[in-house]
Amino acid sequence: MRLEYFQMIDQVAALDTQGRSIRCLSTVPQQSPVFEGHFPGHALVPGVLLIETMAQASGYLALALNGFKKMAFLASVKEAKLRTFMLPGAAIEITAQVAHEGSGFVVTHAQIICDGKRVSEAELMLRILPFPSPEFADMMVKQAERLGLETLSERGS
Amino acid sequence: MSTFDEVADIIAESCSLDREKITPESNIIDDLGVDSLDFLDVNFGIDKKFNITLPVEKWTQDISEGKAKTEDYFVVGNLAKAIDELVAAKKAAG
């Protein structure tokens, strides 16, 4: 996880295209410029970045399901709960499950788990739109490759 | 409850609008001021309520290509009719 670059996910561990779910892994860094402000002397991952983490897992799931033909953009966040603090060094599991696929949007239920306990959850709606440019699409494919998602997508697992 | 009433309830709740102001002739965008984000909630609510997938991307494409008019789908009464047709088609398909 590189907070300052919004790289919230380290690895896609599992993709279930039939069940329309994804499981991702990540580790909160021990140090980050983000912690210099949030908070000085008491480092905590900002809650909005927990939402972002769940949105990214949901987004990669949507990308995998549409074959990387369209981009997923976060549109709304509902029923978000931030149950406990996320500290530097925490190893987390992020899961997202499609709750509904509409025309041009997808709704997911996502959660973050740390040490077997639920840290946060939310219902997320993402718009599914054409990529703004071919370069953007290429960048997302490279990000997915970095996370191991492309390999999982090809296997359909 | 008619399809129109159910759709009007969804619009009112999703967009925090006065239910009494929504009529079959109301244009969702021009008269009710529903923006694209609120319409996503309306769309989601309709999909769930009627167990269908509103083909909004196709409708939007048809409108942009001149094959349909905005009011064909985005006037509440017409939207309700389109929903009835989608529900009937789904039933017919088994």
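Put in line by how crowded their Cβ is, counting other Cβ atoms within 10 Å and starting with the fewest, A:60, B:73 read B:73, A:60. Once both labels are positioned 7 Å from their Cα atoms along Cα-to-Cβ, the gap between residue B:13 and residue A:48 label points is 3.1 nm.
Once the cut-off is 25 Å, how many percent of the Cα-Cα pairs in segment A:37-157 end up in the long-distance tail? Counting pairs separated by more than 25 Å, the tail of P(r) holds 28 percent.
In this simple spin-label model, placing a label point 7 Å from the Cα along the Cα-to-Cβ direction at both residue A:4 and residue B:21 gives a separation of 4.8 nm.
Could you tell me how far the Cα centroid of segment A:62-103 sits from the Cα centroid of segment A:20-50, in Å? About 15 Å separates the Cα centre of segment A:20-50 from the one of segment A:62-103.
Toward the positive end of the charge dipole of segment B:3-93, about the Cα centre and with charges on Cβ (Lys, Arg +1; Asp, Glu -1), which of B:10, B:92, B:60 goes farthest? Value: B:92.
Starting from 0.36 nm per residue, how many nanometres of slack lie between residue A:31 and residue A:146 once their C-alpha separation is accounted for?
39.2 nm
Of the cross-linked pairs A:81/B:21; A:142/B:48; A:69/B:69; A:78/B:90; B:58/B:90, those separated by over 26 Å at the C-alpha level are A:81/B:21; A:142/B:48; A:69/B:69; A:78/B:90. For segment A:3-138, the dipole from Cβ point charges (+1 on Lys and Arg, -1 on Asp and Glu) about the Cα centre works out to 360 debye, to the nearest 20.
Each Lys and Arg Cβ is given +1 and each Asp and Glu Cβ -1; about its Cα centre, segment B:3-93 then shows a dipole of about 440 debye.
Estimated from helical segments only, the mean residue ellipticity of chain B at 222 nm is -20000 deg cm²/dmol, where each DSSP H run of four or more residues counts as -39500 (n - 2.57). In terms of surrounding Cβ atoms within a 10 Å radius of their Cβ, A:92, B:46, A:51, A:22 rank from fewest to most as A:51, A:92, B:46, A:22. Per residue, the convex hull spanned by the Cα atoms of segment B:3-93 measures out at 87 cubic angstrom. Using Cβ point charges alone (K and R +1, D and E -1), the dipole size of segment A:69-146 about the Cα centre works out to roughly 120 debye.
Bear in mind that the values in this text are calculations on the coordinates, not laboratory data. Being a predicted model, the structure only gives us computed values, none of them experimental. Note that we place each Cβ from the backbone using ideal geometry, even for glycine, and neighbour counts take in every protein chain shown.
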